[in-house]
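Working notes, beginning with the structure itself.
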Amino acid sequence: HLISSVKGDNKYKIKIKTNDEYKDKADVIILCVRTPDILSTFQFVEKISHKDTIIFSISNGFGIGYALQKRFNNYVLDANFVGKCRWYNRQDVEFLQQREYCELNFSPRNTDINQKLLKKITQDFIDSGMNTALMSNKEFTEISYERLITRSPFEATCIYYNVNANEITGEKRETFENLCNELLLLANAMNINIRSDFLDEYYKNFELYKQRDDANVYSSILNDMKINQKSEIDFLFFIVIELAKEYNITLPTYFKIAEKFKEYN
C-alpha cells in the first residue's frame, strides 16, 4: 500500500521472494540496501546474474560502481540517488512519501552495454515519478564528486570531534574547510572539473543547513557509530584515502582522521 504525494494512494501486487526462493537469472539487479550492506549482497548477486546482467546500486557514496566493477564481470552502472523524501515502514506494510522530489542519475561503465535495455531502465524510473537522467561518464563523475564534497568533510569533522553541524566552529570549522580543500586537490589530480565557485556556494548552503532543527544536522556515520551499527564510512570517507593513495597525493587532514578511525575501514 503506497501513499505518495507523487503517485497518489494505490495498492500494488508485488511478488517478493527471499534469497533462497529466488532461482532465476536476472537481467537487471538494483541494490537497494544501505551503503554498508553492499558487500554483503555480492554472493547473492553472483548467484543470480548472467554475463549480460546490468548491476547498479542506489546507495549513497562515491566509487560504488568502481567497487562493483572490480568484483563482477558484468555490465555495471554508476548511479547516484537523491531522495528528498521520507519513507515510513509501518506495521501494515504501508509506505508514505512526504516530499515530492526524487532524482536518479546513472552512467554506464561499459561502452557495449545493451542500449535498448538501458533506455527501458531509464523509462521505468521516469514512469515511477523520479527525475532520471542517463549521463556521460564525465558528467556523472563531476556531479557525484560534488555530492561527495557536500557529505564527506562534514561527516569526517563530526566523527573526529564528536559534534553535530551546529558545533562546527573555530578549530572544527578550520578542519572542515581543510577537508573540503583537500577534496579539490584530489579532484584536480583525478582530472575532475569542479566549478570555481562551488565551495563558496556550498558554505552558504551549509550555514542555512546548520539552522535546521531536525536529525539531518547530525552526522549519519556518527549516529551509526554511537549505536554500534555499520555506517557509510567506506564510501563517504575511506574511498578518499584509497583514491589519494592511487593518485599519489597527500591529504594531511584526511590521513590524520583516517588514522584515528582505521579500525572501521
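The values are calculated or read from the model by the stated rules, or taken from the named source; none is laboratory data. Owing to the predicted nature of the structure, the values given are computational and were not obtained by experimental measurement. Here the Cβ positions follow ideal geometry from the backbone for every residue, glycine too, while neighbour counts run over all protein chains shown. Surface accessibility is based on the protein's heavy atoms, side chains included, excluding ligands, DNA and RNA. Shrake-Rupley method; radii C 1.70, N 1.55, O 1.52, S 1.80 Å.
In region 189-214, which residue that is of a type in the set (K, R) and more than 27 Å from I249 (Cα to Cα) is least open to solvent (accessible area, probe 1.4 Å)? Spell out the reasoning first.
Narrowing region 189-214 to residues of a type in the set (K, R): 195, 204, 210, 212.
This time we only want the ones that are more than 27 Å from I249 (Cα to Cα), so: 204, 210, 212.
On the way: K204: 146, K210: 30, R212: 91 Å².
Within region 189-214, the match that is least open to solvent (accessible area, probe 1.4 Å) is K210.
If I filter region 146-161 for residues that are over 24 Å from V82 (Cβ atoms), open to solvent by 10 Å² or more (accessible area, probe 1.4 Å), touching a residue at least 12 places away in the same chain (Cβ under 8 Å) and not β-branched (V, I, T), do I get at least one hit?
Yes.
From the list E155, E174, E103, E146, exactly one residue is out of contact with any helix residue (DSSP H, G or I) (no Cβ under 8 Å at 6 or more places or on another chain) and within 20 Å of I64 (Cα to Cα). Which is it?
On the way: E155 fails: out of contact with any helix residue (DSSP H, G or I) (no Cβ under 8 Å at 6 or more places or on another chain); E174 fails: within 20 Å of I64 (Cα to Cα); E146 fails: out of contact with any helix residue (DSSP H, G or I) (no Cβ under 8 Å at 6 or more places or on another chain).
Exactly one of E155, E174, E103, E146 is out of contact with any helix residue (DSSP H, G or I) (no Cβ under 8 Å at 6 or more places or on another chain) and within 20 Å of I64 (Cα to Cα), namely E103.
Would it be correct to say that L2 is at pLDDT below 80, among the hydrophobic types (A, V, I, L, M, F, W, C) and in contact with a Phe, Trp or Tyr (Cβ under 7 Å, 6 or more places away or on another chain)? Spelling it out, L2 is indeed at pLDDT below 80, among the hydrophobic types (A, V, I, L, M, F, W, C) and in contact with a Phe, Trp or Tyr (Cβ under 7 Å, 6 or more places away or on another chain).
Yes/no matrix, rows are residues, columns are (1) in contact with a Pro (Cβ under 6 Å, 6 or more places away or on another chain); (2) open to solvent by less than 90 Å² (accessible area, probe 1.4 Å); (3) modelled with pLDDT under 80:
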{"residue": "N60", "(1), (2), (3)": "no, yes, yes"}
{"residue": "F72", "(1), (2), (3)": "no, yes, no"}
{"residue": "G83", "(1), (2), (3)": "no, yes, yes"}
{"residue": "R86", "(1), (2), (3)": "no, yes, yes"}
{"residue": "T111", "(1), (2), (3)": "no, no, no"}
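Examine region 11-26 for a residue that is touching a residue at least 40 places away in the same chain (Cβ under 8 Å) and aliphatic (A, V, I, L, M), and state whether such a residue exists. Checking region 11-26: not a single residue is touching a residue at least 40 places away in the same chain (Cβ under 8 Å) and aliphatic (A, V, I, L, M). Pairs meeting the criteria (first residue in region 244-259 and more than 20 Å from I159 (Cβ to Cβ) and without any contact (Cβ under 8 Å) to a residue 40 or more places away in the chain, second residue open to solvent by 90 Å² or more (accessible area, probe 1.4 Å) and of a type outside the set (S, T, N, Q), beta carbons under 7 Å, at least 6 apart or on different chains) are lacking. For the residues T132, T157, T122, T169, the requirement of being closer than 24 Å to A187 by Cβ and among the hydroxyl-bearing types (S, T, Y) singles out T157.
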